[in-house]
Amino acid sequence: MMNPIIDAKRSKFRQEIRKADLREFYKKKRIISVIDPTQEFFQLKLKFDEQIELEGIKIISNDLLMTQLLNSDSKSAYNILSNLCSMESNEYMDILVQRYQIHIYFLLNIDTQDYNDKTITMLSGIANLLYSSNTLLKKAVLYLLENKIFEQFIKLSHLANEAPSEQKVYLLRACLGMLLVVDQFELQHQVGYDGYTQILKLSLDWILVDTDLCCILIQKCSKYIKNIIRFTSLDILHYLLIQVIFTYNKKTKKIELIIDTFNKFIEGGDIDLIVELLDRQNVQDDIMRLCDQKYHKIHKNMMEFFQILADMDSEIINNYCIEMLPTMTEMFDESNNPQVWIKYGKLIHNLEIDDNSNYIYALIDRLMEENHSLHSSVKTKMLEIIDKLVGDRVLSITKEQHYYFEQLTMTLDDILERTVVMLLTKIVEI
């Protein structure tokens, strides 16, 4: 039986996948290829493709047939073995790993001298295995790591540079599957800094192959590599901004993924490079176009972008944020999303504006207006930001605002109550 903690982590990864609108990479597991009907196992492949679960159980239960498939050099056999790993049955997935050592089969049949159909099929099999839920997954992954699977991926990436994008995606899927499972079983030390760096560079080199998939890989690597902006170019950063604008009316669920990735590059990045990026006129234009969009996820991520900038030790960047503040305030006024309000407050705090009273009043008014629709945790976060903005001074507020704070002290949420009581010591009624 699977460890409930590990199962919960896997559920979290699946939620990330759904959130990023990348399910097609995990559900579209079969390889579409032209196969000579005269080849061995071709008819079996056709029957299997129609009913993977039912026919897969029959195939795995037949030791003689499995031995024949594993020893065959026909494309149909490769396809069947790869697609067997897309089955939902944990029991039969365990048999594939334990009895038939399917992970070793895939690894041994990768040709690191040629990115051909056979190698692509083996990568698909590895990816399918990694996205399964079998209880022996850790054992398989440890074997792959011990046999330097990431080094093989990088060798293959060099061979695949001239391959069509649809063929490169199989290698990216296998890379992401490995990183997901490495995180799941906390095996990051087996990948190491060099391993994450190589995958990051590959994701940047192939970002035009599949932007969404590469963004997920970049974000995974950014957890273990600081200042990832030094590995990229200003053109790639600008490309990400353009992709957000391009996909806005088509695939809005992918917008947050791309902006989040852009922000990962900016966060903790080289200030001179960021100034150079912001100094590009077309970048300025694209940032303004993003701010003009009426989609709350863009507003939230743009707030976060300016919040990151405002926290940098640069007078030039700080002045730029001050100039953009009216635009951010307009986004705050128009938004009905609490996350946007919270990030707006953090932005104001990071900018360290001398007289921030009007911004504090705006946050308080929004709290009062939306009081009944807000969860207590959201109210607490907003009050904590207001408390930081007030700082050590005393803030004068209206009678209505004071009454609102007093009402909040009667809440059943202890954390919210303590936050309000602390804030009341810093404010006076006009």
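Brief remarks follow.
Let's see how each residue does on (1) in contact with a Leu (Cβ under 9 Å, 6 or more places away or on another chain); (2) over 23 Å from Leu374 (Cα atoms):
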{"site": "Val275", "(1), (2)": "no, yes"}
{"site": "Tyr295", "(1), (2)": "no, no"}
{"site": "Ala310", "(1), (2)": "yes, yes"}
{"site": "Asn336", "(1), (2)": "no, no"}
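- Residues located in the stretch 36-49, provided they are closer than 12 Å to Ile80 by Cα, open to solvent by 60 Å² or more (accessible area, probe 1.4 Å) and of a type in the set (Asp, Glu): Glu40
- In the stretch 71-89, residue surrounded by the most Cβ atoms within 10 Å (Cβ to Cβ) [restricted to those that are among the hydrophobic types (A, V, I, L, M, F, W, C) and in a loop (DSSP other than H, G, I, E, B)]: Cys85
- Looking only at residues of the stretch 398-417 that are in a loop (DSSP other than H, G, I, E, B) and more than 17 Å from Arg366 (Cβ to Cβ), we find that the one that is most open to solvent (accessible area, probe 1.4 Å) is Leu412.
- Checked against (1) assigned to a helix (DSSP H, G or I); (2) under 23 Å from Ile258 (Cα atoms); (3) within 26 Å of the chain's Cα centre (by Cα), Met324 passes all but a single condition, namely (3).
- Test: residue in the stretch 388-403 that is closer than 30 Å to Met288 by Cβ and either aliphatic (A, V, I, L, M) or touching a residue at least 12 places away in the same chain (Cβ under 8 Å) (or both): yes
- Matching option when the condition is touching a helix residue (DSSP H, G or I) at 6+ places or on another chain (Cβ under 6 Å), under 17 Å from Gln219 (Cα atoms) and of a type in the set (Gly, Ala, Ser), among Ala174, Ala127: Ala174
- Comparison of Ile120, Ile35, Ile95, Ile60 shows that the only residue that is at pLDDT 90 or above, in contact with a helix residue (DSSP H, G or I) (Cβ under 6 Å, 6 or more places away or on another chain) and farther than 23 Å from Ile149 by Cβ is Ile60.
- Residue match in the stretch 86-99 (condition: closer than 18 Å to Cys214 by Cβ and over 24 Å from the mean Cα position of the chain (by Cα)): no
- For the stretch 183-209, a tally of residues being within 22 Å of Asn161 (Cα to Cα) and part of a helix (DSSP H, G or I) returns 12.
- Some residue of the stretch 295-313 being over 28 Å from Ile397 (Cβ atoms), basic (Lys, Arg) and open to solvent by less than 70 Å² (accessible area, probe 1.4 Å): yes
- On the stretch given as the stretch 90-144, residues that are open to solvent by less than 30 Å² (accessible area, probe 1.4 Å), assigned to a helix (DSSP H, G or I) and within 19 Å of Ser72 (Cα to Cα) total 15.
The values are calculated or read from the model by the stated rules, or taken from the named source; none is laboratory data. Since this is a predicted model, take the numbers as computed values, not measurements. Note that we place each Cβ from the backbone using ideal geometry, even for glycine, and neighbour counts take in every protein chain shown. When the accessible area is computed, the model is the full protein with side chains, heavy atoms only, and any ligands, DNA or RNA have been set aside. Shrake-Rupley method; radii C 1.70, N 1.55, O 1.52, S 1.80 Å.
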